[in-house]
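Colleague: This is the structure I want to talk about, given as C-alpha cells.
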Amino acid sequence: MTLLILGGGIIGLSTAYYASQAEPTRHIQIIDSASALFQSASGFSGGFIAKDWFSPEVTSLADLSFRLHQQLADAHDGRRKWGYSASQAFGVTMDELDAQGRKTGGKVRGEDWLLSGTSRAEVAKQFSSIAGGKKEPVEGDGRVDAQGNPTWMNQPADCVVEEISSEAGCAQVDPKALVEWLLARCRERGVEIRLNTRATGFAVDADGKIEAVRAEQRLSASSTPVEITLPCRDVVIAAGCWTPRVFQTLFKRKMAVGIHGLAGYSVIVRSPRYTRSTRQKDHSIFCAPGPQWEFAPEMLGRVNHEGVAEIYVAGLNSDTMPLPEVAGDIPKLRDPQQVERLREVARLLTGSTASTASDLEIVSEGLCFRPVSSTGSPIISPVTGAVSSAGGKVYVASGHGPWGITLALGTGQIVAELLAGETPSADISKLALKQDVSLLKSQL
C-alpha cells in the first residue's frame, strides 16, 4: 500500500529515493503544502557536508550519510551534475569584542555560531587542536598562498586562519542541483508529487488504527481547497520547520521535541579571484564576528552544476523571525536592509581591495529556515502508538538544523530500512521521539 511522505524537501526526497529503490513496486506520494518545492533550506542552504563534526548521538548517522554522498556522486557523476567535491575547511579566529566594540582579551572562532542547536563546532575545535591548524598548500593552486591561506578572502586584521578539517572529512554540493536530481529520479520511478496539499487529520477505523490521511488540496495557490482522502500504510512526517505543526494537526497534541526555524540570509557571488579547476577541491571558510560585522560570516567557495565557480556567503541568522504558513511566503519576509548588510560583508571579505567599486557579480540572494530541534539532534523515529490498519507506522524525520544536506541521504536510507522492517545502517537509538500517542485514538 501507499507510503505518504509529508514534506518535499531534501529529507522527504531522500526518503522517497531510497524507499523506491528498496521497493520498486510500492506506491509513494510526496505531499507538500507549497505551490513549488525547494523554497526554503533545500533550495537556499550552503551545501556544506561534514563527516565528523558531530556529537556522539549523531556520529553514526553522519558517517553513513557522508559515505552515501560519496557513493551517489561516484555512481551518477555528481561532480558534474550537482557540483560534488571534496572541501578544505578553514576557521578564522578574531579578537572578542564587548558591546561597545572594545577588545576583551579573549578570542572567538568562526564556527562558534554553530553551537546554537548543533555541536559541530566543538568537534572542529578538537580536530584543529590535534592537527595544530596546519595548512598544506597545493602546488599550482593560486587560491592559496605559501602558508596555505586562501588568497580569495580578504583576511581581517589581527586574525588567525587555520585548517579545521581536511578534504577527507568535508565536501560540498550545489544543494538545489542535488534535490532537482533526486526529484527527477523519484519521478522516473513513479513517485507522485502533490503540491498545494495540506494534511488535516487521520481517518481511523473502529480500533483507532490509521486508514488514511485527510487533506485539503488546491488546484492552484489561490483556488478553493478540496477535501481529499489518501489511503496509506505508512506515513513519514518530513516537513522541516513545519513538522511540529503537521504533527499537532494529525495527532491533536504538541510534539514532545520542539523544532524551531533558524532563519538565515544568503548571497551567492562570483569573484575574479575565486576560480577552480575540476581537479581542485572546494574551500569552506568560517569567520568569527569582528569590528566590521556583528555576525559570523560563512563563505563556501564551490563550483555549481554548470561548472561555474561561485562563493556562497551566509551566517546572518535570526531565531526570532516568525515561520510563515507555507514556504512560498518566505520571500515576503526578506528585509532589504539585512540583504544589503550581507552583500556589504561579502564585498568586504571577497571583493577587490584595489578599488572602492565592487567587482563581485551578485548571482542570487536568499532567505531560508533551518529546522533546529530542542535537543540539538535530529529526530528519526517511529511514533509510538501510531499504527495503521495495514500494519504500517508513522515516522518523524526532521530537526536536522543546519545539517539537512549533510544528513539527508543517511536519513533517507535509514527511514527506508525502517519501513522495510530492516535493521538501520546507523545507530539512531539516541534520535528517538519519546512520545506515546496511543491514548489519543478516540481523538484522531
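The values are calculated or read from the model by the stated rules, or taken from the named source; none is laboratory data. All values derive from a computational prediction rather than experimental measurement. Positions of Cβ are backbone-derived with ideal geometry, glycine not excepted, and every protein chain shown enters the neighbour counts.
Colleague: Counting just the residues of segment 387-412 that are within 16 Å of the chain's Cα centre (by Cα) and among the polar types (S, T, N, Q), which one comes out farthest from residue 209 (Cα to Cα)?
Modeller: So the residue we want is 406.
Colleague: Let me ask something else. Looking only at strands (runs of 3 or more DSSP E) that lie completely in segment 30-147, which have at least 3 residues being surrounded by fewer than 22 Cβ atoms within 10 Å (Cβ to Cβ) and at pLDDT below 60?
Modeller: Working: elements: 48-50, 85-97, 103-108.
Qualifying strands (runs of 3 or more DSSP E): 103-108.
Colleague: Which numbered condition trips up residue 350, out of (1) crowded, with 22+ Cβ neighbours inside 10 Å; (2) under 16 Å from the mean Cα position of the chain (by Cα)?
Modeller: Of everything listed in (1) crowded, with 22+ Cβ neighbours inside 10 Å; (2) under 16 Å from the mean Cα position of the chain (by Cα), residue 350 misses just condition (2).
Colleague: Looking only at segment 247-304, count how many residues are more than 29 Å from residue 375 (Cβ to Cβ) and among the basic types (Lys, Arg).
Modeller: 6
Colleague: Kindly indicate the residue of segment 311-347 that is under 27 Å from residue 32 (Cα atoms) and among the hydrophobic types (A, V, I, L, M, F, W, C) and also surrounded by the most Cβ atoms within 10 Å (Cβ to Cβ) among those meeting that condition.
Modeller: 327
Colleague: Does at least one position in segment 369-384 carry a residue that is over 23 Å from residue 319 (Cα atoms), surrounded by fewer than 17 Cβ atoms within 10 Å (Cβ to Cβ) and of a type outside the set (Ser, Thr, Tyr)?
Modeller: no
Colleague: Taking segment 387-415 on its own, how many of its residues are among the aromatic types (Phe, Trp, Tyr) and within 19 Å of residue 434 (Cα to Cα)? It would help to see each step written out before you state the result.
Modeller: At the first step, the residues of segment 387-415 found to be among the aromatic types (Phe, Trp, Tyr) are 395, 403.
Next cut, within 19 Å of residue 434 (Cα to Cα) only: 395.
Result for segment 387-415: 1.
Colleague: Now, a different point. Just one of 253, 245 is part of a loop (DSSP other than H, G, I, E, B) and surrounded by fewer than 20 Cβ atoms within 10 Å (Cβ to Cβ); which is it?
Modeller: Numbers: 245 fails: part of a loop (DSSP other than H, G, I, E, B).
Exactly one residue qualifies, and that residue is 253.
Colleague: Hey, another quick one. Examine segment 335-347 for a residue that is under 30 Å from residue 86 (Cβ atoms), in contact with a Lys or Arg (Cβ under 8 Å, 6 or more places away or on another chain) and in contact (Cβ under 8 Å) with a residue 12 or more places away in the chain, and state whether such a residue exists.
Modeller: Let us first name the residues in segment 335-347 that are under 30 Å from residue 86 (Cβ atoms), namely 342-343, 345-347.
So of that shortlist, the ones also in contact with a Lys or Arg (Cβ under 8 Å, 6 or more places away or on another chain) come out as none.
Within segment 335-347 (the criterion being under 30 Å from residue 86 (Cβ atoms), in contact with a Lys or Arg (Cβ under 8 Å, 6 or more places away or on another chain) and in contact (Cβ under 8 Å) with a residue 12 or more places away in the chain), the answer is no, since none of the residues qualifies.
Colleague: Can you find, within segment 226-241, the residue that is farthest from residue 401 (Cα to Cα) among those that are outside any strand (DSSP E or B) and among the hydrophobic types (A, V, I, L, M, F, W, C)? Break it down into steps so the answer makes sense when it comes.
Modeller: Kept after step one, since they are outside any strand (DSSP E or B), are these residues of segment 226-241: 232-233, 238-241.
Add one more test, that the residue is among the hydrophobic types (A, V, I, L, M, F, W, C), and what stays is 232, 238-239, 241.
Values: 232: 29, 238: 13, 239: 13, 241: 9 Å.
In this case the residue turns out to be 232.
Colleague: Considering only segment 182-197, state which residues are surrounded by 21 or more Cβ atoms within 10 Å (Cβ to Cβ) and either of a type in the set (Phe, Trp, Tyr) or touching a strand residue (DSSP E or B) at 6+ places or on another chain (Cβ under 7 Å) (or both).
Modeller: 191, 196, 197
Colleague: Kindly indicate whether any position in segment 350-370 is touching a residue at least 12 places away in the same chain (Cβ under 8 Å) and assigned to a helix (DSSP H, G or I).
Modeller: Yes, because at least one residue in segment 350-370 is touching a residue at least 12 places away in the same chain (Cβ under 8 Å) and assigned to a helix (DSSP H, G or I).
Conditions tested, residue by residue: (1) part of a loop (DSSP other than H, G, I, E, B); (2) within 29 Å of residue 80 (Cα to Cα).
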position: 296; (1), (2): yes, no
position: 313; (1), (2): no, yes
position: 317; (1), (2): no, no
position: 375; (1), (2): yes, no
position: 383; (1), (2): no, no
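Colleague: So, in segment 289-303, of the ones that are surrounded by 23 or more Cβ atoms within 10 Å (Cβ to Cβ) and in contact with a helix residue (DSSP H, G or I) (Cβ under 7 Å, 6 or more places away or on another chain), which residue ends up modelled with the lowest pLDDT?
Modeller: Top of the filtered list is 296.
Colleague: I've got another one for you. With respect to residue 328, determine if the residue is closer than 16 Å to residue 40 by Cα, at pLDDT 90 or above and not in a loop (DSSP other than H, G, I, E, B). Don't jump to the end; show me each part of the working.
Modeller: Numbers: closer than 16 Å to residue 40 by Cα: yes; at pLDDT 90 or above: yes; not in a loop (DSSP other than H, G, I, E, B): yes.
Taking the combined requirement at face value, the residue satisfies it.
Colleague: Considering each residue of segment 256-272, count those that are surrounded by fewer than 20 Cβ atoms within 10 Å (Cβ to Cβ) and in a loop (DSSP other than H, G, I, E, B), and give that number.
Modeller: Selection size over segment 256-272: 3.
Colleague: Let me ask something additional. Among (1) among the hydrophobic types (A, V, I, L, M, F, W, C); (2) within 22 Å of residue 253 (Cβ to Cβ); (3) not in a loop (DSSP other than H, G, I, E, B), which single condition is residue 206 missing?
Modeller: Answer for residue 206: the failing condition is (3).
Colleague: I need a count of the residues in segment 180-226 that are aliphatic (A, V, I, L, M) and without any contact (Cβ under 8 Å) to a residue 60 or more places away in the chain.
Modeller: Step one: filter segment 180-226 for residues aliphatic (A, V, I, L, M), giving 182-184, 191, 193, 195, 199, 203-204, 206, 210, 212-213, 215, 219, 221, 226.
The next check asks that each one be without any contact (Cβ under 8 Å) to a residue 60 or more places away in the chain; those that pass are 184, 203, 206, 212, 219, 226.
So the answer is 6.
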